[in-house]
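Below you'll find the structure, written out as structure tokens, and then a few comments.
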Amino acid sequence: NAGVTQTPKFQVLKTGQSMTLQCAQDMNHEYMSWYRQDPGMGLRLIHYSVGAGITDQGEVPNGYNVSRSTTEDFPLRLLSAAPSQTSVYFCASSSGRGNQPQHFGDGTRLSIL
Amino acid sequence: AQTVTQSQPEMSVQEAETVTLSCTYDTSESDYYLFWYKQPPSRQMILVIRQEAYKQQNATENRFSVNFQKAAKSFSLKISDSQLGDAAMYFCAYRMANSGGSNYKLTFGKGTLLTVNP
């Protein structure tokens, strides 16, 4: 199984550019989420989804959009990149049942110049 | 809102020795799950161990074990016989047990960077 696949692994953008970080999972998980990881801050939740067509904001949603048209895919869109969005981004999924943990993708390192 | 605190930004241990990483959390819930994740330099997030709050018995996974003190809201990770491959950032995380909506989300601590000295 591929698990959670994130693309790209690295990206450099200029301020004001837009882009989409892709996330796909093949485990038929209901729950998917996006986190950003910054030095000394741990992982902070950006947006999450509990199923196709259902999304909600997390702790740090400003500047990001998401949609969930299928169970498998949960893309994260940066509408107008800002240097403050320089970070490592992780996508995760889980069945949400019981003590099942979240499965993480390998992350995307994004730099905004 | 739930919070998770890891009070040790960095720790070091000699190879083959034992080290304990601290984690405390704040919640008004009685049923929840706690996790320790390991993040090596490769950046992957790897589940180390999990604990259900309703279980009194501490979870163990080979050389990794936890000391779960529910009343104190403490969830420390003990690594025995430390190996060079244990060097990583370790994150403590909390999740509510009730299913649905935002209850699925993980709340992370800020992490503890573990160095293993040969």
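The values are calculated or read from the model by the stated rules, or taken from the named source; none is laboratory data. Note that this is a predicted model, so its numbers are computed, not measured. Glycine gets a Cβ as well: all are built from the backbone with ideal geometry, and neighbour counts include every protein chain shown.
The table below lists the values:
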quantity: Residue in the stretch B:98-115 that is more than 24 Å from A:GLY40 (Cα to Cα), part of a strand (DSSP E or B), more than 10 Å from chain A (Cβ to nearest Cβ) and of a type outside the set (Phe, Trp, Tyr) present; calculated: no
quantity: Subset tally (residues that are surrounded by 17 or more Cβ atoms within 10 Å (Cβ to Cβ) and either within 14 Å of another protein chain (Cβ to nearest Cβ) or of a type in the set (Lys, Arg) (or both)) for the stretch A:69-87; calculated: 2
quantity: Subset of the stretch B:8-53 that is outside any loop (DSSP other than H, G, I, E, B) and among the polar types (S, T, N, Q) - its residue that is farthest from A:VAL88 (Cα to Cα); calculated: B:GLN14
quantity: Yes/no for B:GLN51 being touching a strand residue (DSSP E or B) at 6+ places or on another chain (Cβ under 6 Å), within 14 Å of another protein chain (Cβ to nearest Cβ) and at negative phi; calculated: yes
quantity: Inter-residue pairs, beta-carbon under 8 Å, first under 9 Å from A:HIS47 (Cβ atoms) and in the stretch A:62-73, second among the small types (Gly, Ala, Ser), 6+ apart; calculated: A:VAL66/A:SER49
quantity: Residues being among the charged types (D, E, K, R), loosely packed, with under 13 Cβ neighbours inside 10 Å and in a strand (DSSP E or B) - total across the stretch B:59-97; calculated: 1
quantity: Filtered residues of the stretch B:51-73 (kept if in contact (Cβ under 8 Å) with a residue 24 or more places away in the chain and within 12 Å of the chain's Cα centre (by Cα)); calculated: B:GLN51, B:PHE64, B:VAL66, B:ASN67, B:PHE68
quantity: Single residue of A:ASP56, A:ASP73 found to be among the charged types (D, E, K, R) and at pLDDT 95 or above; calculated: A:ASP73
quantity: Some residue of the stretch A:10-33 being buried (at least 16 other Cβ atoms within 10 Å of the Cβ), within 10 Å of chain B (Cβ to nearest Cβ) and either within 19 Å of A:SER84 (Cβ to Cβ) or of a type in the set (Ser, Thr, Tyr) (or both); calculated: yes
quantity: Test: A:ILE54 is without any contact (Cβ under 8 Å) to a residue 24 or more places away in the chain and within 14 Å of chain B (Cβ to nearest Cβ); calculated: yes
quantity: Residue tally, condition touching a residue at least 60 places away in the same chain (Cβ under 8 Å) and surrounded by 16 or more Cβ atoms within 10 Å (Cβ to Cβ), over the stretch B:23-36; calculated: 7
quantity: Test set (1) at negative phi; (2) at the interface with chain B (Cβ under 9 Å from one of its Cβ atoms) - A:GLY42 fails condition number; calculated: (1)
quantity: Filtered residues of the stretch B:39-50 (kept if more than 13 Å from the chain's Cα centre (by Cα) and either surrounded by 15 or more Cβ atoms within 10 Å (Cβ to Cβ) or not small (Gly, Ala, Ser) (or both)); calculated: B:PRO40, B:PRO41, B:ARG43, B:GLN44
quantity: Residue ID - farthest from A:GLU72 (Cα to Cα), chosen from residues in the stretch A:89-102 that are crowded, with 16+ Cβ neighbours inside 10 Å and at the interface with chain B (Cβ under 8 Å from one of its Cβ atoms); calculated: A:ASN99
